[in-house]
Amino acid sequence: MNHSGAGSDDIRAVEITKDRNGIGLVVLRNHRGASARVSLHGGQVLSWKWERGEELLFTSSKAIISPLKPLRGGIAICFPQFRNRGSLEHHGFARNKIWVIDQNPPPLPTDSGEKAHIDLLLKPTEDDLKIWPHSFELRLRVSLAGNGYLTLISRVRNVNSKPFSFSFAYHTYYSVSDISEVRVEGLETLDYLDNLHNQERFTEQGDALTFESEVDRVYLDSGGSGVAVLDHEKKQTIVIRKEGLPDVGETNQVWCCIVVWNPWEKKSKAIVDLGDEEYKQMVCVDGAAIEKPITLKPGEEWTGRLDLSVVPST
């Protein structure tokens with residue numbers, strides 16, 4: 001099934017198909033040859049290629065392709081919990097549910113313009129309400145612009161009669177040529193919690209984060225400023241901007257986090273669905289709201305946004 005939106009057909013194209021398990025798969029394309037693939041399993045972005053045809057997201061060669069298990073790689077939606085910070089399954093249940101295409105989504109304040117996009121929706125089942133007794137609507141719009149840039153906009157609405165709190169993250173695996181040649185910029189002077197040192201708090205001293213061993217950090221209060229993943233060998237830079245991932249409410253306190261993770265050699269060998277050497281080809285840089293849970297009153301809605309762009313670099 002093909003959809004085309006406003007503007008000429010060669011600007012925006014949306015194809016709806018199925019994967020090998022019969023689960024819905026959405027392919028977004030632009031006229032320059034960039035593309036993105038989005039699975040209805042978890043609302044997960046599985047692939048993002050820019051106009052040179054190069055894959056920008058990492059997927060493990062040992063990823064378990066099953067309707068019962070999230071795929072390791074791409075961009076996973078972590079809701080309503082991040083990692084094991086709560087009583088729910090790892091990273092929450094949203095990434096392991098079948099979403100539906102939202103045929104009539106409420107309008108977004110930002111018009112999609114000349115972008116191929118798809119709107120997805122997740123509502124809790126009766127089983128979900130038994131383990132997390134809060135009625136919600138989680139909407140996701142994935143957009144691919146004419147310049148190949150990728151945007152994810154998530155909206156969580158409380159349709160409950162009482163407030164609830166949640167965490168949220170875009171758990172994103174970027175494909176890199178060699179982790180030892182990668183720099184992450186935009187984190188300088190930020191405080192971070194080091195998960196390898198019992199979440200002890202440190203301040204980033206360097207002008208860039210480089211990788212020589214396992215890294216597992218939560219950078220705090222990063223606001224809306226951009227973070228860049230520079231790949232020296234590929235001569236490309238991915239720029240990550242996130243908006244709305246701070247808290248809502250009266251305080252307007254910004255608690256947007258950036259999670260940076262690479263498992264390195266020893267931990268990679270212990271991860272069943274990751275190749276022993278694949279830590280060299282990936283880095284996770286996640287936009288997240290996890291240190292201070294987001295609280296929504298009945299009828300309130302929270303919006304988070306992730307903008308990804310890629311530029312050649314020297």
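The values are calculated or read from the model by the stated rules, or taken from the named source; none is laboratory data. Everything numeric here is computed off the predicted structure, so don't read it as measured data. No Cβ is skipped: glycine too gets one built from the backbone with ideal geometry, and neighbour counts run over all protein chains shown. Note: accessible area is taken over every heavy atom of the protein model, side chains too, but ligands, DNA and RNA are not part of it. Shrake-Rupley method; radii C 1.70, N 1.55, O 1.52, S 1.80 Å.
A few remarks follow.
- Residue-count net charge about Asp178 - beta-carbon cut-off 14 Å; Lys, Arg +1, Asp, Glu -1: -3
- Along region 230-243 the Karplus relation, 6.51 cos²θ - 1.76 cosθ + 1.60 evaluated at θ = phi - 60°, assigns HN-Hα couplings of 9, 10, 4, 6, 6, 6, 9, 10, 9, 9, 10, 10, 10, 10 Hz to successive residues, with x for each Gly and Pro.
- Dipole of region 14-312 [Lys/Arg +1, Asp/Glu -1 at C-beta], most positive-end residue of Val215, Asn30, Ile179: Asn30
- Accessible surface area normalised per residue over region 14-312 is 42 Å², counting heavy atoms of protein chains with a 1.4 Å rolling probe.
- Among 36-49, 93-106, 188-201, the peptide with the highest mean count of other Cβ atoms within 10 Å heads the list, and the full ranking is 36-49, 93-106, 188-201.
- Total formal charge among the other residues, if their Cβ is under 14 angstrom from that of Val310, Lys/Arg +1 and Asp/Glu -1: +1
- These residues, Lys130, Lys267, go from largest to smallest accessible area, 1.4 Å probe, as Lys130, Lys267.
- Counted by Cβ distance under 14 Å from Arg241, the other residues give a net charge of -2, where Lys and Arg count +1 and Asp and Glu count -1.
- Between the beta carbons of Asp102 and Ser313, assuming R0 = 41 Å, the FRET efficiency works out to 0.65 to the nearest 0.05.
- In the chain, helices alone account for a calculated mean residue ellipticity at 222 nm of -1000 deg cm²/dmol, with every DSSP H run of four or more residues adding -39,500 (n - 2.57).
- For the chain, a Gaussian network of Cα nodes joined below 10 Å ranks Ile118, Ile65, Ile77 by mean-square fluctuation, and the top entry is Ile65.
- Here the chain has 48 percent of its accessible surface on carbon and sulfur atoms, given a 1.4 Å probe and all protein chains in place.
- Zero-based 5 Å bins, Cα pair distances in region 14-312, whole percents: 1, 5, 12, 17, 20, 18, 14, 9, 4, 1, 0
- Rounded to the nearest 20, the size of the Cβ-charge dipole of region 14-312 about its Cα centre is 980 debye, with Lys and Arg at +1 and Asp and Glu at -1.
- Per-residue 3J(HN,Hα) values for region 120-125, derived from phi via the Karplus relation 6.51 cos²θ - 1.76 cosθ + 1.60 with θ = phi - 60°, read 10, 9, 10, 10, x, 8 Hz in sequence order (x marks Gly and Pro).
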